[in-house]
Amino acid sequence: MKIGKSSHIALATALSISVFTQTVEAMPMFGTQTGLDCVACHSQQMPRLNKFGRKFAASGMTISQKVKDLNSTNNGFMANTDINPSLLIKSKYNRTYDKPDGKGNIPDDGTNAGDFSLLRSVQAHLGGRISDEFGAIIKLGQRVKEGKSIEGKAVYAHAMDDNAYLGAVFFSTAELGAFAGMEFYNTGLYKPLRMFDMKIYNNTVQKQKIGAQAATGLQAYYDRDALFNENDHLFVTVGMYAPAQDGVIYDMGDNLIPFARIAYEYMYSDFNFILGGFIMKGGDLVAATSPLSIKRETYGIDLQIEGSIMEHEVMLAATKVFKNTLEYSGINSDVDELDTKNRYNEGFSIQGAVSVTDALIAKLSYMHYNDTNEYLTYDNHGNPKYKTDKINVKDLDYAIGLGIDYGFTLIVPMKIAVEYAWMQPSLSRVKEYQDFMVTLTLPF
């Protein structure tokens, strides 16, 4: 593994010591609603959620300081409503060194040039508590590559007692995948709750697009604190989703994929241990002249450990994807631009983070990725010659990532993340390659 590009490492160091440090805010709209500081819901490494943050999500965003201040006075429906706005802006610089193309060669077409986006994404949020048992949020987004989007979800959350919620969620997202409705652990199934911004070299769920892409769905969930004793917690959800937001490419009614998720927490000493599993399975293969259809089989397990060592917050997240198979058939299958090419993957990733100071987080990751597709080799006449042994250009023996998150205030609270990754391809003829990324996040 080569460690180079010292000028970028120097830049990372300069960025991290050149600003005044304070904890960065995360979604100020919910701080306004609850009357709580951001660290009440989030780990020090924003925007990852802590135990209370998960409870706020399970409540359907209905916990509200405003309602508490009313002291249960009956002032009509609007008295229970607590809707607030937020704006999230992200800037990004990204450069990959010696990244191979689909044949394992290093292209001379600008692929490895640095890419800077001052406004990589702009997202306007509006949401919060609608009533005692309903919460909702809507997001309008503009991203450099993906364009405009509109996303949202509505949550019904019935408090069975002080420790449990039984609820249902309707959601539609342009980029966050089937777990966008109700998922609050930090292992990457829900894209925003991951440790590294550089997701495809640090998180196997994001690498395989399990917690990404367009999705519209409905799910039911059960969230219970103190299931067997005061130290444990259970979260279960089941639902169905269509891999789109409209019926332009898919017939959404004919492409509903069932999915399920379970996670069990147990607090021991100063640490909270979370073990979970997930599955997405369903769909059919159709004739080449039929409307586009998807068949999917995805399942895996994940682990999260959170706690403190010598007053330093620590977190570890690991995910093993045993199988991730997506097969597209019908009209518009096997099209790069529509992202409808078949995928056959499995992989593993583990990420760790520790708070060095109140403002500085250090991160480390390891990821293995195996593209199990059997690629054909063709002769000079275009005929298939033989099948590979499944070791190909996309496979990674490992990817190792390093990063820092730094919170500071310069007019408004901000967070800067500086990350570097080194990739070791499994195929011996493919060179090692590297990736460098800096992101700046500004929440209002």
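The values are calculated or read from the model by the stated rules, or taken from the named source; none is laboratory data. Since the structure is predicted, the reported quantities are computational estimates derived from the model, not experimental observations. When we count neighbours, we look across all protein chains shown, and the Cβ atoms used for this are built from the backbone with ideal geometry, even at glycine.
Could you tell me whether residue 190 is within 16 Å of the chain's Cα centre (by Cα) and within 30 Å of residue 394 (Cβ to Cβ)? Show your work before the answer.
Numbers: within 16 Å of the chain's Cα centre (by Cα): yes; within 30 Å of residue 394 (Cβ to Cβ): yes.
When the stated conditions are applied, residue 190 passes them.
Failed condition for residue 330, given (1) surrounded by fewer than 18 Cβ atoms within 10 Å (Cβ to Cβ); (2) at positive phi, with all others met?
Result: residue 330 passes all but (1).
Please go through the range 273-304 and pick out each residue that is more than 23 Å from residue 242 (Cβ to Cβ) and among the hydrophobic types (A, V, I, L, M, F, W, C).
Answer for the range 273-304, where residues must be more than 23 Å from residue 242 (Cβ to Cβ) and among the hydrophobic types (A, V, I, L, M, F, W, C): 273, 274, 275, 301, 303.
Can you work out which of the residues in the range 266-277 that are of a type outside the set (Asp, Glu) and out of contact with any Lys or Arg (no Cβ under 8 Å at 6 or more places or on another chain) is surrounded by the most Cβ atoms within 10 Å (Cβ to Cβ)?
Here the answer is 274.
Suppose we keep only residues that are in a strand (DSSP E or B) and in contact (Cβ under 8 Å) with a residue 60 or more places away in the chain within the range 242-260. Which one would you say is surrounded by the fewest Cβ atoms within 10 Å (Cβ to Cβ)?
257
Look through the range 56-85, keep the residues that are at pLDDT 75 or above and in a helix (DSSP H, G or I), and return whichever of them is nearest to residue 129 (Cα to Cα).
Among those that are at pLDDT 75 or above and in a helix (DSSP H, G or I), it is 80.
Which of (1) free of Cβ contacts under 8 Å to residues at least 60 places away in the same chain; (2) part of a strand (DSSP E or B) is the odd one out, the single condition residue 289 does not satisfy?
That leaves (2) as the condition not met.
Which numbered condition trips up residue 263, out of (1) in a strand (DSSP E or B); (2) surrounded by fewer than 20 Cβ atoms within 10 Å (Cβ to Cβ)?
That leaves (2) as the condition not met.
If a residue has to be free of Cβ contacts under 8 Å to residues at least 60 places away in the same chain and either in contact with a Gly (Cβ under 7 Å, 6 or more places away or on another chain) or surrounded by 18 or more Cβ atoms within 10 Å (Cβ to Cβ) (or both) to count, how many in the range 300-319 make the cut?
Within the range 300-319, residues that are free of Cβ contacts under 8 Å to residues at least 60 places away in the same chain and either in contact with a Gly (Cβ under 7 Å, 6 or more places away or on another chain) or surrounded by 18 or more Cβ atoms within 10 Å (Cβ to Cβ) (or both) number 3.
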